[in-house]
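The structure appears right after this line, and notes come after that.
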There are 4 protein chains.
Amino acid sequence: MSFNTFGHLFRVTTWGESHGPALGATVDGCPPRIPLEPDAIQHCMDRRRPGQSRYTTQRREPDRVEILSGVFDGMTTGTPIQLLIKNTDQRSKDYSEIAEKFRPGHADITYWQKYGIRDYRGGGRSSARETAARVAAGGVAREVIRSLVPGARIQGYMVQMGPHRIDRERFDWDEIERNPFWTPDAAAADRWAGYLDGIRKAGSSTGAVIEVVASGFPAGLGAPIYAKLDAELALAMMSINAVKGVEIGEGMAASDLVGEENADEISMGPDGPEFSSNHAGGILGGISTGQDIVVRFAVKPTSSILKPRRTITKSGNATQIVTKGRHDPCVGIRAVPVGEAMMACVILDHLLLCRGQIGENCGGRIG
Amino acid sequence: MSFNTFGHLFRVTTWGESHGPALGATVDGCPPRIPLEPDAIQHCMDRRRPGQSRYTTQRREPDRVEILSGVFDGMTTGTPIQLLIKNTDQRSKDYSEIAEKFRPGHADITYWQKYGIRDYRGGGRSSARETAARVAAGGVAREVIRSLVPGARIQGYMVQMGPHRIDRERFDWDEIERNPFWTPDAAAADRWAGYLDGIRKAGSSTGAVIEVVASGFPAGLGAPIYAKLDAELALAMMSINAVKGVEIGEGMAASDLVGEENADEISMGPDGPEFSSNHAGGILGGISTGQDIVVRFAVKPTSSILKPRRTITKSGNATQIVTKGRHDPCVGIRAVPVGEAMMACVILDHLLLCRGQIGENCGGRIG
Amino acid sequence: MSFNTFGHLFRVTTWGESHGPALGATVDGCPPRIPLEPDAIQHCMDRRRPGQSRYTTQRREPDRVEILSGVFDGMTTGTPIQLLIKNTDQRSKDYSEIAEKFRPGHADITYWQKYGIRDYRGGGRSSARETAARVAAGGVAREVIRSLVPGARIQGYMVQMGPHRIDRERFDWDEIERNPFWTPDAAAADRWAGYLDGIRKAGSSTGAVIEVVASGFPAGLGAPIYAKLDAELALAMMSINAVKGVEIGEGMAASDLVGEENADEISMGPDGPEFSSNHAGGILGGISTGQDIVVRFAVKPTSSILKPRRTITKSGNATQIVTKGRHDPCVGIRAVPVGEAMMACVILDHLLLCRGQIGENCGGRIG
Amino acid sequence: MSFNTFGHLFRVTTWGESHGPALGATVDGCPPRIPLEPDAIQHCMDRRRPGQSRYTTQRREPDRVEILSGVFDGMTTGTPIQLLIKNTDQRSKDYSEIAEKFRPGHADITYWQKYGIRDYRGGGRSSARETAARVAAGGVAREVIRSLVPGARIQGYMVQMGPHRIDRERFDWDEIERNPFWTPDAAAADRWAGYLDGIRKAGSSTGAVIEVVASGFPAGLGAPIYAKLDAELALAMMSINAVKGVEIGEGMAASDLVGEENADEISMGPDGPEFSSNHAGGILGGISTGQDIVVRFAVKPTSSILKPRRTITKSGNATQIVTKGRHDPCVGIRAVPVGEAMMACVILDHLLLCRGQIGENCGGRIG
């Protein structure tokens, strides 16, 4: 992983700023002869697209993906796939305030400290708009996975908004796509709607916790010691805008357990090993066990709020700032498809890595 | 990061198994003309060394580091530094049980599933003994940092053992080196001693949370989007044995906050920008702010316990296992110097990366 | 270097096919605050552009570069620079023959053997049109070099066409831009014009040897052992379409010399060490000496010729093929700016790498 | 490829200096369950070992390889393989002259210019002794290839010494292992013996050209555009000490041909496509065709000679130097097994890369 590229064999390079003419992703190392229709990618894009409910930014971008290369006669060719997304709703506005002042909690100040120059329009490269490119790349990854591991599934959902958690007893997979929060708990969705309306009207914002589960993938994914599956998922999720914590399986709560609670017992099932529980989140020693791979990440509340915050100008003068633009009261909502995309890219990369090192029928049989 | 190497410019490759003749690390890309005495590295090794209190494994390894290359006349030469640590206490014992059965919660089963072969003696490559190589490499990184950023400091400590947290009001930096748990809270150290004795006598184990703080480093470290400083720290920490969660600054609790609580306000101090708080953990947009860089990670309880757990054999037969060897009731203790080592390697790598892309007096001035 | 990316810190990823909607390059890791006008890149593009004389393909592409990201207010921002070049002259024609038959000497057969699918239109990804993206990226590299190493110069030229070599006695730097072959020997240019007309009229093609010289760069560039400057230049030049050999300094002829002839003697000049000769091509032990860096590469004759060649179809049937399209009788001509671009990218990458590892005032003084 | 590591999936990192306690290689990404006996590696080492005839340096090193990790019960485990070679014949001698003066044609001056420090004993890291580590790693690669591609063969030999070339009409594969020059032309071996004796007695040295051929490998190896098989072979060979030129197939002479001579015609054979000739050296568009892969490289004459050469001291004073140590009058001889090792590593890496991206039965069928 280097600068704006991630992945070993399935490699994704993203580029573009929030208010430039376009942004996109170059997907390199994709297996050839995978059917790839723009619609499949567009479906992923549409899940992330802003302006779909009153809970997300009112910026209106069709986010249409153009495939400029790497696909021929509807199939991948094994050469780089360029996915381009035009920016169409960069409203002309007065950026003089944001050009001079650093928004607290934003990357404004660090981009300036590092580079000595920044495209301040809409956050430039540090804008969450960059995640559109990830989702497009993830759309490609999903199509490849569909070919290589039929029946596998990657699903993200929200498990906490602000301080309010879902009730795992009410978990319903079918509910996820029915509410604007991608949450599996219908009752939580109701409560959160009211909570978030309050946040929005107060000109404030709230954090969230997202969980992403990958099911149906084989054991053996992950390349210890420094490309462990959990470590690479941690990098992938932490690289998403506003993410401050990443957990695998039991996560931070693993510290609360004693050894006999934490060690998932093993038995033999009809199709191979089975586990009595999944505290490990489907990963032991950095390698997948064949169980569900479970990752969670926390998204901080947007720093772009209507409440005035103290800050300084480029000249070092004390001032205040209020961020008036179109923003998400809970960016965590749109982080759900982004987390899914990162999961898809990382897992596919490891499917290919494992096949490269070990072959198609890799690993040892049990029983 | 690929297989057993991490880092972009300051690159560390580790090798070796728990019960082979030796293990070690190759440190490549080290700046030249840095004074490097074996004693400096040995000091780091000694902090991690087992057998120093009744709370860590009774395996007795002197863990002496030999520098086989890359140092001449007491100075680094810019060529690869080979750090070799001999394994001296691989007790001859009967491994037939562990060779046949998979220990629940261990990498035994996944190494088998992936590779179809495993060095089962002491966990082989998946043993926490591999972290000795990280600490040696971290020792080199620390000496380079001492030269490049005088006054910078990296310090780890335990903030939670099992369910018991420290009281931040009692935080005392000087206390950290005084107790066997590297905790800054003397009262917690007392309580944990009793708690851990109970765990140990019960043949069980407990988890822990470690925090590592890096102070005195400049703003501008981190290479967005996919080599963000926080993302790379997440990978680095998650790659440590038994780690299940990583947090930056506010971490998972960031989800509980509203925007105005979370956005650290900025003012102008005598030496540059100052922040009213550090919810961000010293990183915004993946780039360091100049504040303390704060990372936390959770270590699960050791799965090697004296309590019997259900499992299967390589042949798929149901059985039970009790792990009798010499083990740590709380591996989190020895994870403290490992976390420090990973922090040192990642930060140094980014110091060099930033210097490479931008130069020595990089970035933009404020004021 | 991986798939479609090269470089360590200054990283170039190219994408696109000959007859798709566009192709381009993503330049990542570029230093910030470098003035970058599209015209500067366009100037490089125009040197490579086809259709400028009767000696190059009559395909007419304006090859206008659009900068889609990474530049703000005329300066680089340190974020990825997307350079897009639209394909405008993909004539609609009948590709059925080329779709079924493999052209001897072309990548047609190997792309099929590897990927099982290929975009046969105009050679797809294997077309020399891909080098337009390299030249665009090289244009960025040249602007950065202009800022970092004022006075440095990179110049390519042709030293052999078919079996006809230049006379080094007649070497004239100013002549290079005056003739359609970029050769420093005016007399050779005259002779080659006649020779190439004959080749062209015969429906044949001819090879060439290109030399690229980089002057004014500091000593110390190159990262032994496996990122030696000469080794990376070898990869860079050999990756250009149709290149079959790469030489540094004395090149293959080094084998003919005895030791005392080959070892360039050293003396002390007013600005540092001087050398009595440059058999080494400015590189010793993989590190630049401060002398001119001299690389040569041989370009094979285009395999697309009007003379019939025996081949097979995808079904394995024997057949013949004649390539009728618009082609270069000597692709070596347009390889000159491509070689310059690769030299610029590789050297800049090593300037940044060296600065990263060692700092701005790197290395040891002599005298 | 970065600093001291090369390879994508089969990754080799070498370390160590000529006169340190040891040197070695870490081989990472090796497929698991490959039988690996030290003797197989030792066999490769013995071919490179010095002191076997009067034509190579009289330094006497047993060059015994110790396998410190990554092998269990005689099989690779998929974890890093550490290959350690002790330096046993570092004669104590007076290095004061070489410490102060730069040997012309050597890396002495560039290591100093770059790093400001150098281990001058025996050339330190820039010594050809480093190639012992490559040969050890290549020994591992050969064993893996033996498992994955039974019947494949990699063979190097000398085709030119000084200005004297072999006669291809007399090419005899069996002759290669019979003479001290690894040449397939017995008559050339005779003549070269006399020529080299003269060179040696004159205290001079001579260059050579080595050819390495890989037979029996499948089509489809190589990852265009920037990991083309020929480009990576060029890097691999150019990274060997003293190499100044690399050729694939026709090499530099490709420029002399016209198109119809150069394009290898294709016909259908019983096992797939066949080619009327192999000007391409088995690689088209950076991808292997299934033909013999043919690489040549030129080795310059050793700069360590008994004839005095003018140079300067670290203080910049003019002086002379005579290199008295034990040296090879033709280092090209020992470069033969080194070239084979690099070929083995690069090809194996691409076998794994191809399997990773495309799968085991990759590519398209013909016929």
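The values are calculated or read from the model by the stated rules, or taken from the named source; none is laboratory data. All of these numbers come straight from a predicted model, not from anything done at the bench. FYI the Cβ positions are ideal-geometry reconstructions off the backbone, even for glycines, and counts take in every protein chain you see. Protein only, heavy atoms only, side chains kept; ligands, DNA and RNA dropped before computing areas. Shrake-Rupley method; radii C 1.70, N 1.55, O 1.52, S 1.80 Å.
Values as computed for the structure displayed
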quantity: Hey, D:Ser267 over 22 Å from the mean Cα position of the chain (by Cα), surrounded by fewer than 24 Cβ atoms within 10 Å (Cβ to Cβ), of a type in the set (S, T, N, Q) and facing chain C (nearest Cβ under 7 Å) or not; calculated: yes
quantity: Any hit, the stretch D:309-325, residues being out of contact with any Ser or Thr (no Cβ under 8 Å at 6 or more places or on another chain) and among the hydrophobic types (A, V, I, L, M, F, W, C); calculated: yes
quantity: Selection from the stretch B:184-203 of residues that are buried (at least 19 other Cβ atoms within 10 Å of the Cβ) and either in a helix (DSSP H, G or I) or within 12 Å of chain A (Cβ to nearest Cβ) (or both); calculated: B:Ala188, B:Ala189, B:Trp192, B:Leu196, B:Ile199
quantity: Test: residue in the stretch C:86-97 that is open to solvent by less than 20 Å² (accessible area, probe 1.4 Å), in contact (Cβ under 8 Å) with a residue 40 or more places away in the chain, on the phi < 0 side of the Ramachandran plot and part of a loop (DSSP other than H, G, I, E, B); calculated: yes
quantity: Residues of the stretch A:93-112 classified as at the interface with chain B (Cβ under 7 Å from one of its Cβ atoms) and either farther than 12 Å from A:Arg309 by Cβ or in contact with a Leu (Cβ under 6 Å, 6 or more places away or on another chain) (or both), total; calculated: 5
quantity: Selected residue (only one of B:Val135, B:Val149 is among the aliphatic types (A, V, I, L, M) and surrounded by 19 or more Cβ atoms within 10 Å (Cβ to Cβ)); calculated: B:Val135
quantity: Candidates A:Ser315, A:Ser239, A:Ser304, A:Ser255, filtered to the one that is open to solvent by 30 Å² or more (accessible area, probe 1.4 Å) and small (Gly, Ala, Ser); calculated: A:Ser315
quantity: Failed item in (1) without any contact (Cβ under 8 Å) to a residue 40 or more places away in the chain; (2) within 11 Å of chain C (Cβ to nearest Cβ), with D:Asn278 passing the rest; calculated: (2)
quantity: Of all residues in the stretch C:195-224 being β-branched (Val, Ile, Thr) and under 15 Å from the mean Cα position of the chain (by Cα), the one that is farthest from C:Ile305 (Cα to Cα); calculated: C:Val213
quantity: Yes/no for A:Asp119 being more than 8 Å from every other protein chain (Cβ to nearest Cβ) and open to solvent by 10 Å² or more (accessible area, probe 1.4 Å); calculated: no
quantity: In the stretch C:343-362, the residues that are without any contact (Cβ under 8 Å) to a residue 24 or more places away in the chain, out of contact with any helix residue (DSSP H, G or I) (no Cβ under 7 Å at 6 or more places or on another chain) and not in a loop (DSSP other than H, G, I, E, B); calculated: none
quantity: Only one of C:Leu233, C:Leu221 that is of a type outside the set (Ser, Thr, Tyr), open to solvent by less than 10 Å² (accessible area, probe 1.4 Å) and not in a loop (DSSP other than H, G, I, E, B); calculated: C:Leu233
quantity: Residues of the stretch C:133-162 classified as of a type in the set (Gly, Ala, Ser), more than 9 Å from chain D (Cβ to nearest Cβ) and assigned to a loop (DSSP other than H, G, I, E, B), total; calculated: 2
quantity: From the options B:Arg355, B:Arg310, residue that is open to solvent by 40 Å² or more (accessible area, probe 1.4 Å) and either under 30 Å from A:Ser239 (Cβ atoms) or at pLDDT 95 or above (or both); calculated: B:Arg310
quantity: Residues of the stretch B:163-172 that turn out to be more than 14 Å from chain A (Cβ to nearest Cβ) and surrounded by 14 or more Cβ atoms within 10 Å (Cβ to Cβ), as a count; calculated: 1
quantity: Test: B:Arg91 is modelled with pLDDT under 95 and either closer than 30 Å to A:Leu351 by Cα or more than 19 Å from the chain's Cα centre (by Cα) (or both); calculated: yes
quantity: Answer residue from the stretch A:323-343, given it is open to solvent by 30 Å² or more (accessible area, probe 1.4 Å) and away from chain B (no Cβ under 11 Å) and is modelled with the lowest pLDDT among those; calculated: A:Arg326
quantity: A:Glu175, sole failed condition from (1) open to solvent by 30 Å² or more (accessible area, probe 1.4 Å); (2) outside any loop (DSSP other than H, G, I, E, B); calculated: (1)
quantity: Qualifying positions in the stretch C:107-160 - free of Cβ contacts under 8 Å to residues at least 60 places away in the same chain, in contact with a Phe, Trp or Tyr (Cβ under 8 Å, 6 or more places away or on another chain) and not hydroxyl-bearing (Ser, Thr, Tyr); calculated: C:Asp108, C:Ile109, C:Ile117, C:Arg118
quantity: Qualifying residues in the stretch A:99-116 (those that are over 20 Å from A:His327 (Cα atoms) and under 23 Å from the mean Cα position of the chain (by Cα)) - the one surrounded by the most Cβ atoms within 10 Å (Cβ to Cβ); calculated: A:Tyr111
quantity: Filter result for the condition that a residue is at the interface with another protein chain (Cβ under 7 Å from one of its Cβ atoms) and over 20 Å from the mean Cα position of the chain (by Cα), over C:Leu235, C:Leu284; calculated: C:Leu284
quantity: Hey, C:Ile67 open to solvent by less than 10 Å² (accessible area, probe 1.4 Å) and touching a helix residue (DSSP H, G or I) at 6+ places or on another chain (Cβ under 7 Å) or not; calculated: no
quantity: Selection within the stretch A:12-49 - crowded, with 23+ Cβ neighbours inside 10 Å, without any contact (Cβ under 8 Å) to a residue 60 or more places away in the chain and touching a helix residue (DSSP H, G or I) at 6+ places or on another chain (Cβ under 8 Å); calculated: A:Pro32
quantity: Members of the stretch B:70-85 found to be touching a strand residue (DSSP E or B) at 6+ places or on another chain (Cβ under 8 Å) and surrounded by fewer than 22 Cβ atoms within 10 Å (Cβ to Cβ), listed by number; calculated: B:Gly74, B:Met75
quantity: Residues satisfying the stated conditions in the stretch B:122-132, i.e. at pLDDT 95 or above and more than 9 Å from every other protein chain (Cβ to nearest Cβ); calculated: B:Thr131, B:Ala132
quantity: Candidate set: the stretch B:277-301, residues that are closer than 16 Å to B:Lys228 by Cα and among the aliphatic types (A, V, I, L, M); chosen: the one most open to solvent (accessible area, probe 1.4 Å); calculated: B:Val294
quantity: Within the stretch D:204-218, considering residues that are assigned to a loop (DSSP other than H, G, I, E, B) and under 21 Å from D:Asp292 (Cβ atoms), the one least open to solvent (accessible area, probe 1.4 Å); calculated: D:Phe217
